[in-house]
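Heads up, the thing below is written out as structure tokens.
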Amino acid sequence: MTTSLQIRHRRLRKNARVRDLVAETTVHRQDLVVPLFVSGQGENQQDILSMPGYFRYTPDALLNRIEGYMDQGLTRFILFAKVEESQKDNTGAGALDPHGLFPQTIARIKSAFPDCVLFTDVALDPYSSFGHDGLVLGQEIVNDATVDVLAKMAVIHAQAGADFVAPSDMMDGRVYGIRCALDEAGYLNTGILAYSAKYASSFYGPFRDALDSAPGFGDKSTYQMDYRNAREAVKETLTDMEEGADMVMIKPALAYLDIIHRIREVTSLPVAAYQVSGEYSMIKAAAQKGWIDEEQAIRETLTAIKRAGADIIISYFAEQALPWLS
Ligand code: PBG
């Protein structure tokens, strides 16, 4: 030991060039996946009240929008559909119509942009008269019967051209059910991005506005995870890996950075994290009030998600983040 300070951490922070040189984490454009909302009705571009600056589009308008993203080097997308009230029931029939809005939009996207990577949401909530991710019997969200429907839904998405189906329902055994159905139908190269650790979260509120898919009774806590649990996220992930997942996901992101980190340590699969609608809206709302700097908050949160261990980040901020990405 010496009497004066020999170790000075601030030498590595002295200016931007030095800081950039020693930075441990960089978010790249190719890490990002853009969520897309398609709607069969209404204006070309539709406001989502709780997501200022984010929109739902009719299929034609969505194709235009995707062209804009592709031109900027954003080439990975995850698609969600807003379904008309008349398409909703308690059988998932709407999700199994090969000519429905969702598969048609998948096909149009992949034929217009064969080079994009398209993930598609597999869950019943947009098609459910109860707003639940599965079939409802009494007060129960039934597991196995739901998995059968999800497996068929996944095949329809694969047939339409999806690169990866992304089951977000949190039923048990759905990754296995979907993998078997895809293989049987010949879609050996359609992958599965499993929402492995999806928590029952308040941060999905704005998304449910976007798709008009809020649960009609109860909440989703009999299938989505309890936020008090972390080991259970590892258990869920290991099961999805055994069942054949190609990638795993943690959702939401910011309140679950510890989960991202833990899962990164137990899997060699690519790890995705979803910066969800409520995370977007919180930043937007605070920025609108002038209480935080929006750009700084976007950079900081995306970097934190990457630093925690995510390889892939699904974010409504993807386009806004572009100017400062490498
Ligand atoms: C539904 C689904 C949800 C999200 C993605 N898929 C909402 C929910 O589980 O209620 C949330 C995405 C977001 O909030 O941005 N299966």
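The values are calculated or read from the model by the stated rules, or taken from the named source; none is laboratory data. Only a predicted model underlies this, so the values are computations on that prediction, with no experimental measurement involved. Because the Cβ atoms are built from the backbone with ideal geometry, glycine has one as well, and the counts that use them run over all protein chains shown. Surface areas here come from the heavy atoms of the whole protein model, side chains and all, with no ligands, DNA or RNA. Shrake-Rupley method; radii C 1.70, N 1.55, O 1.52, S 1.80 Å.
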Query raised in the report: Can you name every residue in the range 1-14 that is open to solvent by 70 Å² or more (accessible area, probe 1.4 Å) and of a type in the set (S, T, N, Q)?
Result: THR3, SER4, GLN6
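Of all residues in the range 1-53, which are hydroxyl-bearing (Ser, Thr, Tyr) and more than 25 Å from GLN288 (Cα to Cα)?
Hits for the range 1-53 are THR2, THR3, SER4, THR25, THR26, SER39.
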Report task. Sort out which residues of the range 172-189 are open to solvent by 10 Å² or more (accessible area, probe 1.4 Å) and touching a residue at least 12 places away in the same chain (Cβ under 8 Å), and write them in order of number. Result -> ASP172, GLY173, TYR176, GLY177, ARG179, CYS180, ALA181, ALA185, TYR187
Report task. Name the one entry in ILE66, ILE48, ILE7 that is of a type outside the set (Lys, Arg) and under 20 Å from PRO103 (Cβ atoms). Result -> ILE66
**Report entry** Residue list for the range 50-87, filter: within 22 Å of PRO215 (Cα to Cα) and either of a type in the set (Asp, Glu) or modelled with pLDDT under 95 (or both)
**Finding:** VAL83, GLU84, GLU85, SER86, GLN87
Query raised in the report: When you scan the range 118-130, how many residues do you find that are touching a residue at least 60 places away in the same chain (Cβ under 8 Å) and either in contact with a Ser or Thr (Cβ under 9 Å, 6 or more places away or on another chain) or buried (at least 17 other Cβ atoms within 10 Å of the Cβ) (or both)?
Result: 5
Query raised in the report: What residue, among those in the range 276-304 that are of a type outside the set (Gly, Ala, Ser) and in contact with an Asp or Glu (Cβ under 9 Å, 6 or more places away or on another chain), is surrounded by the fewest Cβ atoms within 10 Å (Cβ to Cβ)?
Result: GLN288
Query raised in the report: Mind checking which residues of the range 83-115 are open to solvent by less than 70 Å² (accessible area, probe 1.4 Å) and under 20 Å from ALA318 (Cβ atoms)?
Result: THR105, ILE106, ILE109, LYS110, ALA112, PHE113
Requested in this report: Return the residue satisfying two criteria in turn: it lies in the range 191-236 and is hydroxyl-bearing (Ser, Thr, Tyr) and part of a helix (DSSP H, G or I), and of such residues it is nearest to the ligand (Cβ to nearest atom).
Outcome: TYR204
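Which of the residues spanning the range 15-36 are assigned to a helix (DSSP H, G or I), without any contact (Cβ under 8 Å) to a residue 40 or more places away in the chain and open to solvent by 60 Å² or more (accessible area, probe 1.4 Å)?
Once the filter is applied, which keeps residues that are assigned to a helix (DSSP H, G or I), without any contact (Cβ under 8 Å) to a residue 40 or more places away in the chain and open to solvent by 60 Å² or more (accessible area, probe 1.4 Å), the range 15-36 yields ARG17, ARG19, ASP20, LEU21, VAL22.
Filter the range 37-52 for residues that are open to solvent by 60 Å² or more (accessible area, probe 1.4 Å) and either touching a helix residue (DSSP H, G or I) at 6+ places or on another chain (Cβ under 9 Å) or not in a strand (DSSP E or B) (or both) and give the result.
Of everything in the range 37-52, those that are open to solvent by 60 Å² or more (accessible area, probe 1.4 Å) and either touching a helix residue (DSSP H, G or I) at 6+ places or on another chain (Cβ under 9 Å) or not in a strand (DSSP E or B) (or both) turn out to be GLN41, GLY42, GLU43, ASN44, GLN45, LEU49.
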Report task. Filter the range 81-115 down to residues that are out of contact with any Leu (no Cβ under 9 Å at 6 or more places or on another chain), without any contact (Cβ under 8 Å) to a residue 60 or more places away in the chain and assigned to a loop (DSSP other than H, G, I, E, B), then give me how many there are. Result -> 6
Report task. Just one of (1) open to solvent by less than 40 Å² (accessible area, probe 1.4 Å); (2) touching a Ser or Thr at 6+ places or on another chain (Cβ under 6 Å) trips up ASP209, so point out which. Result -> (1)
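Can you pull out the residues in the range 131-146 that are touching a residue at least 12 places away in the same chain (Cβ under 8 Å), in contact with a helix residue (DSSP H, G or I) (Cβ under 9 Å, 6 or more places away or on another chain) and surrounded by fewer than 14 Cβ atoms within 10 Å (Cβ to Cβ)? Explain how you work it out, then say what you get.
If we filter the range 131-146 for residues that are touching a residue at least 12 places away in the same chain (Cβ under 8 Å), which is where we start, we get 131-136, 139-141, 143-144, 146.
Within this subset, residues satisfying the condition of being in contact with a helix residue (DSSP H, G or I) (Cβ under 9 Å, 6 or more places away or on another chain) are 131-135, 143-144, 146.
Scanning the range 131-146 gives a single hit, ASP144.
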Query raised in the report: Would the range 304-320 turn up any residue that is more than 19 Å from GLN30 (Cα to Cα), away from the ligand (no atom under 16 Å from the Cβ) and part of a loop (DSSP other than H, G, I, E, B)?
Result: no
Query raised in the report: What residue, of ILE259, ILE250, is open to solvent by less than 40 Å² (accessible area, probe 1.4 Å) and either away from the ligand (no atom under 15 Å from the Cβ) or part of a loop (DSSP other than H, G, I, E, B) (or both)?
Result: ILE259
